[in-house]
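Report on the following structure.
Taken together, the values in this text are just the output of simple stated rules run on the coordinates, not laboratory data. Quick caveat: nothing in here was measured; it's all calculated off a predicted structure. We place every Cβ from the backbone using ideal geometry, glycine too, and count neighbours over all the protein chains shown.
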Amino acid sequence: MIKIGIVCYPTFGGSGVVATELGVALSKKNFQVHFISYKKPVRLKSFNNNLFFHKVEVPDYPLFEFPPYELALTTKIVQLVESNVIQILHVHYAIPHAYAAVSAQKILSTKGFSIPIITTLHGTDITLLGKQPFVRSVINYAINESDLVTTVSENLRKETKKNFDIKKNIQVIPNFLDFSILNLKKNKHSLEKKVFTHISNFRPVKRVLDVINVFKNVNIEIDSELFMIGDGPEIKNAKKLVNQYDLEDKVTFLGKINDIQKILSITDLFLLPSNSESFGLVALEAMAYSVPVITTNNGGITEVVDDNKNGFTLSVGDVNTMTKKCIEILNDSIMYDRFSKNAFNKSKEFDIDKILPLYEKCYFKLMK
């Protein structure tokens, strides 16, 4: 049995969700999985005999203005390897996770221990944070020192190669859905309104104000309602804009919720007008519920949403065209049914049963 340590963010973001679902799926096979983070991942709802969680305790010391999480994570990894708890380390995100893993690897090598590292890049560490001069060299080092590197899309692989001096091959292993745990029954909405949904961390890159503007324009012609799921720095501006447009009775902010399936099961269109998406896991989840997606044509999202087939990929910030396409598809039942069917069929290409063996192959390769 291979003992894998998975380091990830425990939050609602796509990287944390994918890392958690991956670990749970591996634990049901011949793998022992140990999650390592500052709190239990939100999608980790239960444990089994092969599934464990190790909390990284961050010291609160007056000398430090900010808690030294990276140092605490490095120490925890060293302890787990020395105790023979883990044999392989799979980290999600270059910083701080890959950097901490590499630091732990160096420390362990002086003690006669070895721990291979697989680093999965999810996007923000490359496309946003990675472009900042003060962290570029650290990210470059962490990636190159990892034993194996994967990205969640071909677009992200190209961006990584373009932005950094990477000396090794990067393998593309896309995000996935575990269809065995999804209840894909579509629920008929009690009202005749069309339902729009947006899910994100409400950062500026997600362009949540575009979501509100598109919805406002569509609602002039088609009676609709909008569910906004998530939380983040832009939520105050989003609520302010909703109030400005007098749409309080049409737009519902649900915050961070675990059970997004109930909302997706009644959704007609999913809006994701981001500046860029390295993959777009939330769009894939919507498509599993046969929901067409209105998104942008920048980043790895175009590997998930096929323009004019299961949704529309449009220019960033083009609210007018997004509005027109929403109205067009909602008013054309034949087009909608075709897009809806195509959305589901596309999502099935990312079933975990097809993706999990790719990660397993990586683990076996590193063990050799």
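For T11 paired with I107, estimate the spin-label separation in nm (one decimal), with each label point 7 Å from Cα along the Cα-to-Cβ line.
2.5 nm
Rg to Rh ratio, segment 181-348, alpha-carbon atoms and Kirkwood radius?
On the way: Rg = 14.3 Å, Rh = 15.5 Å.
Radius of gyration over Kirkwood radius for segment 181-348 works out to 0.92.
Apply the Karplus parameterisation 6.51 cos²θ - 1.76 cosθ + 1.60, with θ equal to phi minus 60°, to every residue of segment 139-145 and state each ³J(HN,Hα) to the nearest whole Hz, in sequence, with x for glycine and proline.
5, 4, 5, 4, 5, 5, 7
Pull out a ≥ b ≥ c, the square roots of the eigenvalues of the alpha-carbon gyration tensor of segment 248-313, then state rounded if a/c is under 1.5, prolate if not and a/b is larger than b/c, and oblate in the remaining case.
Working: a/c = 1.76, a/b = 1.61, b/c = 1.09.
Here segment 248-313 falls in the prolate category.
Using a 10 angstrom cutoff on alpha carbons, build the Gaussian network for the chain and name the most mobile of E277, E234, E221.
With Cα springs under 10 Å in the chain, the top fluctuation among E277, E234, E221 is at E221.
Test of understanding: in a Gaussian network model of the chain with alpha carbons linked when under 10 Å, which of D268, D307, D165 would top the mean-square fluctuation ranking?
D165
222 nm [θ] for the chain, helices only, -39500 (n - 2.57) per DSSP H run of 4+, per residue, to 500? Walk me through the numbers before you get to the answer.
Working: 13 runs with 146 residues, N = 368.
Result for the chain: -12000 deg cm²/dmol, rounded to the nearest 500.
Can you compute the modelled spin-label distance between E221 and K348, with each label point 7 Å from Cα toward Cβ, in nm?
According to this spin-label approximation, the distance is 3.3 nm.
Take N163, project a point 7 Å from its Cα along the Cβ direction, then tell me which residues of segment 266-290 have their backbone nitrogen under 17 Å from it.
So the set is 274-281.
Grab the Cα-Cα distance for K240 and E328, subtract it from 0.36 nm times how many residues apart they are, and report the gain in nm with one decimal. Write down the numbers at each step before the final one.
Working: separation 88, 0.36 × 88 = 31.68 nm, distance 2.83 nm.
Full extension of this stretch gives 28.9 nm more.
Under a straight-distance cross-link criterion of Cα-Cα below 15 Å, which aspartates and glutamates are reachable from K162, leaving out those fewer than 8 residues away in the same chain?
Counting by Cα, and skipping residues close in sequence, K162 has these aspartates and glutamates nearby: D125, E154.
Taking amide H positions as placed 1.01 Å from N in the peptide plane, with prolines and chain starts having none, which residues 5 or more places from H122, or on another chain, fall under 5 Å of its amide H?
Y93, A94
I need the phi-derived Karplus couplings for segment 89-101: 6.51 cos²θ - 1.76 cosθ + 1.60, θ = phi - 60°, integer Hz, Gly and Pro marked x.
Computed from phi, the couplings for segment 89-101 are 10, 10, 10, 10, 4, 5, 10, x, 5, 5, 5, 5, 5 Hz.
Hey, rough spin-label estimate for Q171 and Y38, points 7 angstrom out along Cα→Cβ, what's it come to in nanometres?
3.1 nm
Using θ = phi - 60° and the Karplus relation 6.51 cos²θ - 1.76 cosθ + 1.60, list the HN-Hα couplings for segment 76-85 in order, rounded to whole Hz, with x at every Gly or Pro.
4, 4, 4, 4, 5, 6, 4, 8, 6, 7
Under the classification rounded if a/c is under 1.5, otherwise prolate if a/b is larger than b/c and oblate if not, where does the chain fall, given a ≥ b ≥ c as square roots of the Cα gyration tensor eigenvalues? All intermediate terms of the calculation are to be shown ahead of the outcome.
Working: a/c = 1.97, a/b = 1.77, b/c = 1.11.
Because a/c hits 1.5 or more and a/b exceeds b/c, the chain counts as prolate.
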